[in-house]
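Mind looking over this structure? Questions follow.
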Amino acid sequence: MGVEPELGRGFLPEEDQVPGRDAVVVLGHDFWEKQLGADRSIIGRKVRLNGIEFTVIGVAPARFTGMDQYLRPTLFVRLCCSSA
């Protein structure tokens, strides 16, 4: 979406090509700040979501709301490939 993360990096184009290979997540700014105390060392750490371990690669900027300006997502993940 052309947004530069506040911390860390965004998704790489190849990170959604193979199911299960690149389980990475960008945290929403509000979640990072309120729940994780704006801990800058979160980059590279693992978090478990629905039983799957993801590596934190970035934190979205405060102004970024994703696709809906009224919703503040906790995190952003890439949707992976189709089985077609």
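The values are calculated or read from the model by the stated rules, or taken from the named source; none is laboratory data. Keep in mind that this is a model prediction, so the values were computed, not measured. Note: ideal-geometry Cβ built from the backbone for every residue, glycine included; neighbour counts use all protein chains shown.
Go through (1) under 15 Å from ARG72 (Cβ atoms); (2) aliphatic (A, V, I, L, M); (3) loosely packed, with under 14 Cβ neighbours inside 10 Å one by one and return the number of the condition VAL59 breaks.
(3)
Something else now. Mind listing whichever residues of the stretch 35-84 are assigned to a strand (DSSP E or B) and basic (Lys, Arg)?
Filtering the stretch 35-84 for residues assigned to a strand (DSSP E or B) gives 46-49, 52-59, 75-76.
If the condition is that a residue be assigned to a strand (DSSP E or B) and basic (Lys, Arg), then LYS46, ARG48 are the ones that fit.
So which residues in the stretch 1-25 are of a type in the set (Val, Ile, Thr) and surrounded by 11 or more Cβ atoms within 10 Å (Cβ to Cβ)?
Within the stretch 1-25, the subset of a type in the set (Val, Ile, Thr) is 3, 18, 24-25.
Across the stretch 1-25, the qualifying residues are VAL3, VAL24, VAL25.
To continue, here is another question. All but one of (1) of a type outside the set (Lys, Arg); (2) more than 21 Å from ARG72 (Cα to Cα); (3) touching a residue at least 24 places away in the same chain (Cβ under 8 Å); (4) assigned to a loop (DSSP other than H, G, I, E, B) hold for VAL3, so report the exception by its number.
Checking VAL3 against (1) of a type outside the set (Lys, Arg); (2) more than 21 Å from ARG72 (Cα to Cα); (3) touching a residue at least 24 places away in the same chain (Cβ under 8 Å); (4) assigned to a loop (DSSP other than H, G, I, E, B), the one that fails is (2).
Next up: Report yes if some residue within the stretch 25-32 is in a loop (DSSP other than H, G, I, E, B) and over 26 Å from TYR70 (Cβ atoms); otherwise report no. Can you show your working first?
Initial filter on the stretch 25-32 (in a loop (DSSP other than H, G, I, E, B)): 28.
This time we only want the ones that are over 26 Å from TYR70 (Cβ atoms), so: none.
No; the residues of the stretch 25-32 include none that is in a loop (DSSP other than H, G, I, E, B) and over 26 Å from TYR70 (Cβ atoms).
So GLY28 clears everything in (1) surrounded by 11 or more Cβ atoms within 10 Å (Cβ to Cβ); (2) at pLDDT below 90; (3) in contact with a Ser or Thr (Cβ under 8 Å, 6 or more places away or on another chain) except one condition, right? Which one?
GLY28 satisfies every listed condition except (2).
How about the stretch 35-51: which of its residues are exposed (fewer than 11 other Cβ atoms within 10 Å of the Cβ) and more than 13 Å from the chain's Cα centre (by Cα)?
The initial filter retains those residues of the stretch 35-51 that are exposed (fewer than 11 other Cβ atoms within 10 Å of the Cβ), namely 37, 41, 44, 46, 48, 50-51.
Once the filter is applied, which keeps residues that are exposed (fewer than 11 other Cβ atoms within 10 Å of the Cβ) and more than 13 Å from the chain's Cα centre (by Cα), the stretch 35-51 yields GLY37, SER41, ASN50, GLY51.
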